[in-house]
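This report refers to the structure that appears directly beneath it.
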Amino acid sequence: MTPSGSTVARVEGLSYSYLRPDGVALQALDDVTLSVAAGEVVSVIGPSGCGKTTLLRILSGLVPASDIVGHAEVAGHPVLRPPAEIGYVFQHVGLVPWRTVRSNVEFSLEMRLHRALHDDERARARQMIEMVGLTGFEDYHPHQLSGGMQQRVGIARALATDPSILLMDEPFGALDAQNRRLFQDELLRWQQQRGFAAIVVTHDLEEAIHLGDRVVVMSARPARVLEILHVDVDKRERGRSSDATAQYRALQDRLWEVLLPENERSRAALQPA
Amino acid sequence: MAQSIVDTTGGLTADALAQSRLARLARGRRRRRILRALPWLSVVLLLVLWQIVGASVNPIFLATPTKVAQATVDMIGTHELLTNTWVTLWTFMVGLVLGVIVGAPLGMVLGRTPAAAAMVDVQVRILYSIPVIALFPLFILWFGLGVKLRLISIFLSAVLPIVISAESGVRSVDPTLIELGHVYGARRREIFRKIVAPATVPFLASGFKIAIGRTIVTTIGIELLTSQEGLGGLMSFYGNQLQTAQYFAPLVVAAVLSLLMYWVGDIVERRFSAWRPAPA
């Protein structure tokens with residue numbers, strides 16, 4: 001699928017530093033430039049702790065605009081407050097434990113609208129629950145669900161507001177390998193159904209290639225964009241044809257080549273002086 | 001019997017196996033029933049023992065259960081037992097409820113404003129760690145003898161655990177949930193009402209249970225020391241008169257009331273301690 005023209009999210013010359021609680025200043029991002037087209041899936045990969053999550057936090061307005069250097073915009077507007085066009089999928093899901101599945105999915109809409117939901121909005125939440133395959137579990141509480149089901153609720157909640165871009169922070173990190181693969185394929189299906197764009201932060205090479213139209217490789221902290229790879233395999237074919245498999249292998253080798261020195265650098269930085 | 005298959009049934013038929021399992025279940029049920037009856041049995045045993053010992057010692061030292069029952073009936077007849085039970089109960093309730101009404105919002109505000117918390121946390125902890133009883137002499141000087149003194153003491157016993165639990169509840173809200181609110185554009189008020197407040201409820205429930213325990217002690221204690229009124233007042237009056245049976249009657253009422261209150265505290269804590277409904 002070729003991404004259509006319009007850009008849903010863009011950062012340009014983006015740098016961000018913060019103070020750790022112990023007073024040490026750390027630079028998380030260094031001059032990052034990246035844009036995501038409508039309906040495009042961009043995987044972001046890099047050594048752990050490199051600042052990938054920070055990128056999502058900036059785009060979602062969780063970082064005060066005054067703290068960043070450079071430019072960040074969503075749907076053509078600079079990010080000054082949380083943009084209405086994004087949906088966020090948290091690494092640790094972040095379901096509200098006292099709310100049922102239904103009520104968790106409705107939560108994002110309730111917050112957006114600042115009021116109780118109307119029937120059509122409830123219907124929309126119900127539709128999302130159906131899409132992620134949790135019909136029948138509407139009245140369950142999060143603790144009664146498996147990790148995979150919980151993340152399904154997290155995705156339904158993010159999609160309930162009909163975002164034009166989904167920001168996903170290691171969404172499948174807690175799942176076992178088999179479930180993860182099934183879930184990835186489902187995500188691609190939902191993405192094609194609804195046409196949202198997505199940024200998927202991950203540390204899993206295979207996942208990055210499998211999900212992304214492009215894979216952005218970031219360096220160890222401070223994170224810079226090292227390389228952007230294009231994945232020219234039709235999403236419906238991914239992981240199926242032998243041709244696709246061959247290309248996967250090639251891309252994976254290339255990713256390793258770029259990432260290996262970064263991982264070593266990042267590990268070296270963790271060593272006590 | 002089949003040669004190569006290990007026989008674990010001890011040669012019993014399926015029917016006999018089912019029989020023995022049924023018998024085991026029945027035994028288990030009987031044992032549980034006995035366990036449930038044991039507490040009542042022990043109370044009865046205690047009363048019997050008390051009756052026997054009480055009858056053989058000087059009645060000033062110990063009144064027998066029958067004498068206590070007689071005194072209870074007499075004191076109900078003169079209205080003094082019910083009137084004073086009511087006095088104890090309403091001061092207890094008013095102090096406890098005020099403690100919750102003041103303590104819960106105060107604790108939540110402290111949890112959300114680190115500067116304010118830094119100002120008063122030490123004082124709150126100090127007040128919480130000394131028994132309120134130790135402050136009675138000072139309070140008597142400040143508030144005189146009367147209902148005002150008792151209400152303030154009871155209130156203080158209730159409010160501190162509530163403040164502390166509300167504060168720590170607000171502090172331990174999952175930060176991801178706060179971010180979740182921000183991401184979807186929630187206003188400060190909404191984050192408080194839809195995330196922080198509900199997340200604090202289980203902590204408040206535990207604080208409430210602790211508050212009940214401390215408040216009971218203070219209520220009876222302050223009446224014993226300063227009042228002619230209330231169950232504590234009665235105990236102190238009849239105790240000083242060496243009318244031991246009449247002293248025991250309000251003590252028994254106080255014990256029953258305390259049990260009831262602890263039970264209420266338990267129920268509240270269990271009901272709100274988890275966000276999940278009780279298993280069906």
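The values are calculated or read from the model by the stated rules, or taken from the named source; none is laboratory data. The model shown is predicted, which means the values in this text are computed figures rather than measured ones. FYI the Cβ positions are ideal-geometry reconstructions off the backbone, even for glycines, and counts take in every protein chain you see.
A few remarks follow.
- Flag for A:ARG124 being without any contact (Cβ under 8 Å) to a residue 24 or more places away in the chain, surrounded by fewer than 23 Cβ atoms within 10 Å (Cβ to Cβ) and basic (Lys, Arg): no
- Residue under evaluation A:LEU134, criteria (1) modelled with pLDDT under 95; (2) within 26 Å of A:ALA84 (Cβ to Cβ); (3) within 14 Å of chain B (Cβ to nearest Cβ), criterion not met: (3)
- Residue among A:HIS114, A:HIS118 that is within 14 Å of another protein chain (Cβ to nearest Cβ) and loosely packed, with under 14 Cβ neighbours inside 10 Å: A:HIS114
- All told, B:VAL120 falls short of being in a helix (DSSP H, G or I), β-branched (Val, Ile, Thr), more than 14 Å from every other protein chain (Cβ to nearest Cβ) and closer than 23 Å to A:MET111 by Cα.
- Just one of the listed residues (A:ARG180, A:ARG224) is among the basic types (Lys, Arg) and under 19 Å from A:PHE90 (Cα atoms), namely A:ARG180.
- In the stretch A:77-97, the qualifying residues are those that are in a strand (DSSP E or B) and either over 16 Å from the mean Cα position of the chain (by Cα) or of a type outside the set (A, V, I, L, M) (or both), and the one that is surrounded by the most Cβ atoms within 10 Å (Cβ to Cβ) is A:TYR88.
- From A:VAL63, A:VAL74, residue being crowded, with 23+ Cβ neighbours inside 10 Å and more than 9 Å from chain B (Cβ to nearest Cβ): A:VAL74
- The listed residue being under 18 Å from B:GLY99 (Cβ atoms) and either within 14 Å of chain A (Cβ to nearest Cβ) or without any contact (Cβ under 8 Å) to a residue 60 or more places away in the chain (or both), out of B:ILE152, B:ILE195: B:ILE152
- Taken together, B:VAL87, B:VAL73 contain a single residue that is closer than 18 Å to B:PHE155 by Cβ and assigned to a helix (DSSP H, G or I), which is B:VAL87.
- Of the residues in the stretch B:60-72, not one is in contact with a helix residue (DSSP H, G or I) (Cβ under 9 Å, 6 or more places away or on another chain), under 30 Å from B:GLY169 (Cα atoms) and surrounded by 13 or more Cβ atoms within 10 Å (Cβ to Cβ).
- Subset of the stretch A:23-60 [within 14 Å of chain B (Cβ to nearest Cβ) and surrounded by fewer than 22 Cβ atoms within 10 Å (Cβ to Cβ)]: A:THR53, A:ARG57
- Here B:GLN228 meets each of (1) farther than 20 Å from B:LEU98 by Cβ; (2) modelled with pLDDT of 90 or more; (3) not basic (Lys, Arg) with one exception, condition (2).
- Per this entry, A:ILE68 is not counted among residues that are in contact with a strand residue (DSSP E or B) (Cβ under 7 Å, 6 or more places away or on another chain), crowded, with 16+ Cβ neighbours inside 10 Å, within 14 Å of chain B (Cβ to nearest Cβ) and without any contact (Cβ under 8 Å) to a residue 60 or more places away in the chain.
- Across the stretch A:239-269, the number of residues qualifying as at pLDDT below 70 and surrounded by fewer than 11 Cβ atoms within 10 Å (Cβ to Cβ) comes to 2.
- From A:ARG102, A:ARG124, A:ARG112, residue being in contact with a helix residue (DSSP H, G or I) (Cβ under 7 Å, 6 or more places away or on another chain) and either assigned to a helix (DSSP H, G or I) or not basic (Lys, Arg) (or both): A:ARG102
- Residue within the stretch B:103-114 that is out of contact with any Pro (no Cβ under 6 Å at 6 or more places or on another chain), modelled with pLDDT under 90, assigned to a helix (DSSP H, G or I) and more than 14 Å from chain A (Cβ to nearest Cβ) present: yes
- Cross-chain or 6+ apart pairs with Cβ under 7 Å, the stretch A:198-213 first and closer than 18 Å to A:VAL36 by Cα, then part of a loop (DSSP other than H, G, I, E, B) and of a type in the set (Asp, Glu): A:VAL201/A:GLU170; A:THR202/A:GLU170; A:ASP213/A:GLU40
- Residue match in the stretch B:161-172 (condition: within 13 Å of another protein chain (Cβ to nearest Cβ) and either modelled with pLDDT of 95 or more or surrounded by fewer than 17 Cβ atoms within 10 Å (Cβ to Cβ) (or both)): yes
- Pairs linking a residue in the stretch A:85-96 that is more than 8 Å from every other protein chain (Cβ to nearest Cβ) to a residue that is of a type in the set (Ser, Thr, Tyr), with Cβ atoms under 7 Å and 6 or more positions apart or on different chains, are A:GLU85/A:SER164; A:GLY87/A:THR161.
- Failed item, numbered, when B:LEU204 is tested on (1) in a helix (DSSP H, G or I); (2) more than 19 Å from the chain's Cα centre (by Cα); (3) surrounded by 19 or more Cβ atoms within 10 Å (Cβ to Cβ): (2)
- Elements of type strands (runs of 3 or more DSSP E) in the stretch A:15-74, at least 1 residues being at pLDDT below 90: A:25-37, A:68-74
Yes or no, residue by residue, for (1) within 14 Å of chain A (Cβ to nearest Cβ); (2) surrounded by fewer than 17 Cβ atoms within 10 Å (Cβ to Cβ); (3) under 30 Å from A:ARG115 (Cβ atoms); (4) out of contact with any strand residue (DSSP E or B) (no Cβ under 9 Å at 6 or more places or on another chain):
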{"position": "B:THR176", "(1), (2), (3), (4)": "yes, yes, yes, no"}
{"position": "B:ALA199", "(1), (2), (3), (4)": "yes, no, yes, yes"}
{"position": "B:GLY230", "(1), (2), (3), (4)": "no, no, no, yes"}
{"position": "B:MET235", "(1), (2), (3), (4)": "no, no, no, yes"}
{"position": "B:GLN246", "(1), (2), (3), (4)": "no, no, no, yes"}
{"position": "B:PRO250", "(1), (2), (3), (4)": "no, no, no, yes"}
{"position": "B:ALA254", "(1), (2), (3), (4)": "no, no, no, yes"}
{"position": "B:LEU257", "(1), (2), (3), (4)": "no, no, no, yes"}
{"position": "B:GLU269", "(1), (2), (3), (4)": "no, no, no, yes"}
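- Residue check: B:ARG214 meets all listed conditions (1) assigned to a helix (DSSP H, G or I); (2) closer than 30 Å to A:SER103 by Cβ but one, namely (2).
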